[in-house]
Each structure stands twice: as structure tokens, then as C-alpha cells.
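Worksheet for the structure shown next.
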Amino acid sequence: MDPAEEMFAAKTDAEILLSQGEFENAISCANDALRLSVALHGADSLENVPCYLLLAEANLGTGVLPQAEWFLSQANWAVVKGGEGVTHHVRSLVHRCFGKLFAAQGRTDEALTHLASNVYYCARESGPMSIDAADGYFLLASVFHAMEPGKTDAALAFFAKVLDAWRAVMEGDAGIALALAAAEDPAAADDERLLSDVVVGEAVQMVRKILEVQRDAKGTSDSTVGQTLVTLGLIYHYAGDTPEAEKVFDEARALAEKAGDKPLLATAMKRQEAL
């Protein structure tokens with residue numbers, strides 16, 4: 001394995017471990033990735049920014065905020081020096097990490113400012129209904145939800161944008177590619193999934209958190225909850241977890257029948273029949 005491949009492997013391992021909450025192990029892999037990246041590209045290269053951000057995120061996970069802030073400052077300095085050569089994607093990631101750090105430090109206004117900038121650059125890079133933008137909406141909603149009860153409406157509004165984005169993804173290229181492959185050869189559908197297991201797993205966690213907040217705010221029988229269940233079912237179906245998708249669509253159908261929501265019932269039944 002050449003140094004570039006070794007660096008990519010270490011960075012990928014760090015990303016997976018970070019998504020699984022194994023922060024200490026993620027730090028170890030991210031340190032390896034950073035060492036290799038510096039050797040390949042030099043100490044001042046923009047190529048090191050993803051590794052610095054992984055280390056910042058992992059240290060946030062362990063609660064070592066000063067160390068997280070140090071790694072984030074290194075990433076930010078590289079971006080400042082990079083000037084116009086810095087992509088919207090990289091800028092979005094730096095703002096996102098600052099938002100998380102400031103939220104953890106209780107600096108709410110600064111957190112919201114950076115998270116809003118994160119969404120802005122995500123939208124510039126890949127559109128306002130992209131997965132990256134959805135992650136940004138979720139973080140904004142989470143900060144509002146953690147504030148006083150008067151911010152619940154703002155949190156729910158941003159959570160709704162997360163769901164809109166994921167429905168658009170499931171009904172767009174990613175979902176279409178999977179559906180076409182499954183229709184021709186169900187066994188080959190795995191090869192047509194455009195989204196990684198890590199991304200899909202994070203989507204499930206986000207949507208389940210949104211369900212929890214919606215149920216607390218609106219009650220368990222609100223039609224909004226049923227619509228969110230349908231979105232969750234679509235994601236489980238995409239992931240190939242048909243039993244869980246079936247279970248979630250059953251919940252949506254039961255809720256729709258109880259609420260007398262015929263459009264929701266029709267949607268849930270249609271999605272269930274497609275399993």
C-alpha cells in the first residue's frame with residue numbers, strides 16, 4: 001500500500017469510528033492520517049484540513065474541548081491561507097465544526113452563526129436539498145431544541161427541512177438507481193447504493209431523534225409524525241432492511257387510520273407495497 005492509499009485508509013477508518021462513537025480509536029486513526037497527509041502534502045497544505053477536522057470532532061466527542069479547539073484552529077488557519085482556492089465544501093466543514101464546538105461551550109449565538117454559514121456553503125456546493133445541507137439543518141435544529149422552550153417551533157421548522165431533504169434524496173437519483181437495480185436483480189441492489197452505510201446510518205439516527213422531538217411536541221398521533229415515519233421507512237428500505245421498513249410503514253398506516261388522514265394512509269400503503 002503506497003502512502004496515499006495508507007492515508008486514505010486511515011482517514012476512512014477514523015470516519016467510521018467517529019460515526020460509531022468510538023472517539024479514542026478515531027483519534028488514533030486520525031492522527032495516523034494527519035501524519036501521512038503532512039508527509040505527502042506538507043505542513044501548510046489544505047489537504048490536511050479533513051484530518052484536522054476529524055481530530056477536532058473526535059476530541060469534541062471525548063469532551064476535551066481545548067484540544068478540539070486547537071485542531072480546529074489549525075484547520076481554520078489553513079483555510080484562511082488558502083484564500084479563493086478553498087472549496088465551498090471545505091468551508092462548510094470548518095463552519096460546521098466551529099458550530100459544534102461553540103454549542104458544546106454554551107456559546108449559542110456564535111454556534112448558530114457558524115451553523116448557518118455551514119448550510120450556506122453546503123447549498124452553494126451541492127444544493128439546499130442535499131445530504132450535507134440536511135446535516136446542517138439538523139445541527140441548527142438541535143441547537144434551537146437545546147435552548148429555552150420558546151425555540152421549539154424553530155427547531156421543528158429546521159427538522160422539517162431535514163426530512164424534506166432526505167425525502168428528495170430517496171426519491172431522486174439515489175432511490176431511483178436502487179429501485180431500478182432491485183427490479184432487475186434484487187441480489188445486485190447493494191452494488192447500486194450510492195450512499196455509504198455510514199451516511200445512511202446517520203440518517204436513521206437523525207430521523208429517529210426528530211420523531212422523538214415531534215412526539216414530545218405534538219403528540220404521538222399527529223400526522224406529522226406519520227409523515228416522518230414514512231421517511232424513516234424509505235431510508236430503511238434503501239438500506240436493505242426490509243423488516244424494519246415494514247415495521248415503520250405499519251406504524252405510519254396505523255397512525256393514519258387513527259387520525260383519519262387519507263393522503264398519509266395512501267402514501268404509507270403505496271410505500272409498503274413497493275417493498
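Could you identify the single residue in 54, 46, 40, 65 that is of a type in the set (A, V, I, L, M) and touching a Phe, Trp or Tyr at 6+ places or on another chain (Cβ under 9 Å)? Lay out the reasoning, then the answer.
Values: 46 fails: touching a Phe, Trp or Tyr at 6+ places or on another chain (Cβ under 9 Å); 40 fails: touching a Phe, Trp or Tyr at 6+ places or on another chain (Cβ under 9 Å); 65 fails: touching a Phe, Trp or Tyr at 6+ places or on another chain (Cβ under 9 Å).
So the residue among 54, 46, 40, 65 that is of a type in the set (A, V, I, L, M) and touching a Phe, Trp or Tyr at 6+ places or on another chain (Cβ under 9 Å) is 54.
Tell me whether segment 39-56 contains one or more residues that are within 22 Å of residue 143 (Cα to Cα) and among the polar types (S, T, N, Q).
Looking through segment 39-56, none of the residues is within 22 Å of residue 143 (Cα to Cα) and among the polar types (S, T, N, Q).
The rows are residues; the columns are (1) in contact with a Ser or Thr (Cβ under 9 Å, 6 or more places away or on another chain); (2) at pLDDT 95 or above; (3) crowded, with 16+ Cβ neighbours inside 10 Å.
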residue	(1), (2), (3)
206	no, yes, yes
211	yes, yes, yes
219	no, no, no
223	no, no, yes
229	no, yes, yes
235	no, no, yes
238	no, no, yes
241	no, no, yes
245	no, no, yes
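Quick one: residue 69 ticks every box in (1) under 26 Å from residue 197 (Cα atoms); (2) over 19 Å from the mean Cα position of the chain (by Cα); (3) modelled with pLDDT of 95 or more bar one, so which box is it?
For residue 69, the exception is condition (1).
In segment 73-120, which residues are closer than 19 Å to residue 44 by Cα and touching a Gly at 6+ places or on another chain (Cβ under 7 Å)?
None; the set is empty.
Please go through segment 259-274 and give me each residue that is under 29 Å from the mean Cα position of the chain (by Cα), acidic (Asp, Glu) and buried (at least 18 other Cβ atoms within 10 Å of the Cβ), ordered by number.
Hits for segment 259-274: nothing passes.
From the list 58, 133, pick out the single residue that is free of Cβ contacts under 8 Å to residues at least 40 places away in the same chain, under 26 Å from residue 26 (Cα atoms) and under 19 Å from the mean Cα position of the chain (by Cα).
133
Exactly one condition in (1) surrounded by 15 or more Cβ atoms within 10 Å (Cβ to Cβ); (2) under 17 Å from the mean Cα position of the chain (by Cα); (3) within 30 Å of residue 234 (Cα to Cα) is false for residue 94; which is it?
Looking at each condition in turn, residue 94 falls short on (3).
The values are calculated or read from the model by the stated rules, or taken from the named source; none is laboratory data. A quick note: this is a predicted structure, and the numbers were derived from the prediction, not measured. As a convention, Cβ positions derive from the backbone with ideal geometry for all residues, glycine included, and neighbour counts pool all protein chains shown.
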